[in-house]
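The values are calculated or read from the model by the stated rules, or taken from the named source; none is laboratory data. In this text the structure is predicted, and so the values were computed from the model without any measurement. Every residue, glycine among them, receives a Cβ derived from its backbone with ideal geometry; neighbour counts consider all protein chains shown. Keep in mind that these areas ignore ligands, DNA and RNA; they rest on the heavy atoms of the full protein, side chains included. Shrake-Rupley method; radii C 1.70, N 1.55, O 1.52, S 1.80 Å.
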Amino acid sequence: MTTDTRTPVFTGPRTAAPEEGRLSGRARLVLFVLCAAQFMVALDFSVLNVALPVLGEDLDLSPSALQWAVTAFSLPSGGFLLLFSRIGDLFGRKKLFLAGLAVFGAASLLATLAWNPAAFLTGRALQGLGAAAVVPAGMSLLTTTFPEGPLRDRALGISGTLLSLGFTVGMVLGGVMTDTLGWRSTMGLLALAALVVLVLAPGLLAESRTPERPRLDVPGAVTVTAGLLALIYALSTAADRGFGGTDVRASLVAGLVLLAAFVVVEAKAAAPLVSLPMLRRRTVAWGNVGGLVTFSMMSTVVFVLTLYLQETLGLSSFLTGLVFGVQGVASALAGSVAPRFIGRFGARRTLVGSLAGQGLFTGALLAVGADSGALVATVAVSLASMCHLGAIISYGLTVTSGVPDGEQGLATGLVTTTQQVGLTVGIPLLGVLATTGTSLFGGVRTVLAVDAALVVGAALLVAVGLGRREA
């Protein structure tokens, strides 16, 4: 089996002129549209979290059913990523991007107007389906529009910054909007954002796809989609109920079996959904390991730190939001600085250094106390987030660098799948340690210590894995 190196078809001009590494006016608009879509989806991951209790009372959702407000979105958004990535490669990334935006916007409107739990959860599931199309198509359009080098580094830096900011801003904005306008305003904001991007995108984006349309790998699509759906369901449900439930354990086993079957199918497929030779690239394999660790471990830090600030220190939602607001500002600063580090030291070294820094500053959070520590927590989590942002940008560049344009959709599909799985697995795997022990504060410290050790260990593994050049 050989890697597909065919050049994609562009039905419009490239918008990024490479002269002196500067972005043209049109290129800035294209970048704005693509990054706005990524920010919108990142916002959706967290904007509803603070509103869940109020939402439950309004729609008469039981506490045990509230988890589905999150799970209904995460299941399709993670489960269909690889399938939609390949569909975009074959039939047009711009078409997929626009279709995903339309579905996401309509679903957000449905969730805004929801008259009962079924309507709301349907809207959330369709939001996830739209996001599964928007995210990989948007990333592929970005990497095929901006040529490899300083322009792509800058574009991915901005995109990564907004991705990180979207999650943090969502937590703060969700609380403010819920208190002032009600929980429905959070979903209405997403509908409005999708409409704005949908109006601007058609005239700015150029279509790109592979020149031929081989048959879609249906067995691969079925096994990977079903496997991811089962795995994400198991991990999302475990975050609420633990791993003791029969459905959780059965889904976890089914997901792992289906993903193993997917690998077997891909090895024999004439036109595989995922090119196994691509996965054998050191940059792709180890870059995604770094991405999985940075996303899963940082999401866990945010989760347990929220518990610590509110439950242990007794901070209000507003003051807790301020802590994460400082974190967001630090991430934005890192997004502007990270491309310079990458330009000087390279994406691989920046990835390793960023992971090491994230782990060390997460370890510094162990200095917080049971009676005080808000200042230490603010400084340490902000510095950890700066390193986290550097890891996000450098792992995306590590994975996509050197990949032919015809397979950029596959590469960016792996990047975005890693993001989604990372955001999903961290909290159920480690966060449960903070809530099931005899002491919440002791549990938080245990999670932080394990988290820091895993990130530092991953930095060492990625350093060794990326140490040798590609053969």
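Tell me which of these residue 156 doesn't satisfy, since it passes every other one: (1) modelled with pLDDT of 75 or more; (2) hydrophobic (A, V, I, L, M, F, W, C); (3) closer than 15 Å to residue 416 by Cβ; (4) surrounded by 24 or more Cβ atoms within 10 Å (Cβ to Cβ).
(1)
Can you tell me which residue among 104, 91, 73, 45 is at pLDDT 75 or above, out of contact with any Cys (no Cβ under 6 Å at 6 or more places or on another chain) and open to solvent by 30 Å² or more (accessible area, probe 1.4 Å)? Steps first, please.
Values: 104 fails: open to solvent by 30 Å² or more (accessible area, probe 1.4 Å); 73 fails: open to solvent by 30 Å² or more (accessible area, probe 1.4 Å); 45 fails: at pLDDT 75 or above.
Going through 104, 91, 73, 45 in turn, just one is at pLDDT 75 or above, out of contact with any Cys (no Cβ under 6 Å at 6 or more places or on another chain) and open to solvent by 30 Å² or more (accessible area, probe 1.4 Å): 91.
Being within 18 Å of residue 110 (Cβ to Cβ), touching a Pro at 6+ places or on another chain (Cβ under 6 Å) and either crowded, with 23+ Cβ neighbours inside 10 Å or at pLDDT below 80 (or both) is the requirement here; does residue 61 meet it?
Numbers: within 18 Å of residue 110 (Cβ to Cβ): yes; touching a Pro at 6+ places or on another chain (Cβ under 6 Å): yes; either crowded, with 23+ Cβ neighbours inside 10 Å or at pLDDT below 80 (or both): yes.
Taking the combined requirement at face value, the residue satisfies it.
Say we look at the stretch 87-135 and pick out the residues that are outside any helix (DSSP H, G or I) and touching a residue at least 12 places away in the same chain (Cβ under 8 Å); which of these is farthest from residue 416 (Cα to Cα)?
Taking the stretch 87-135 and keeping what is outside any helix (DSSP H, G or I), we get 92, 114-116.
Okay, now just the ones that are also touching a residue at least 12 places away in the same chain (Cβ under 8 Å), so 92, 114, 116.
Values: 92: 18, 114: 29, 116: 32 Å.
Looking at the filtered set, the residue picked out is 116.
How about the stretch 347-388: which of its residues are polar (S, T, N, Q) and open to solvent by less than 50 Å² (accessible area, probe 1.4 Å)? Outline the logic, then answer.
Looking only at the stretch 347-388, we keep the residues that are polar (S, T, N, Q), and these are 350, 354, 358, 362, 372, 378, 382, 385.
Within the stretch 347-388, 350, 354, 358, 362, 378, 382, 385 meet the criteria.
Any idea how many residues of the stretch 261-284 are surrounded by fewer than 14 Cβ atoms within 10 Å (Cβ to Cβ) and in contact with a helix residue (DSSP H, G or I) (Cβ under 8 Å, 6 or more places away or on another chain)?
Here the count works out to 2.
Kindly indicate whether any position in the stretch 163-177 is within 15 Å of the chain's Cα centre (by Cα) and either among the β-branched types (Val, Ile, Thr) or modelled with pLDDT of 80 or more (or both).
Among the residues of the stretch 163-177, at least one is within 15 Å of the chain's Cα centre (by Cα) and either among the β-branched types (Val, Ile, Thr) or modelled with pLDDT of 80 or more (or both), which makes the answer yes.
Does the stretch 307-343 hold any residues that are open to solvent by less than 60 Å² (accessible area, probe 1.4 Å), closer than 19 Å to residue 366 by Cβ and touching a residue at least 60 places away in the same chain (Cβ under 8 Å), and which are they?
307, 308, 309, 312, 313, 327
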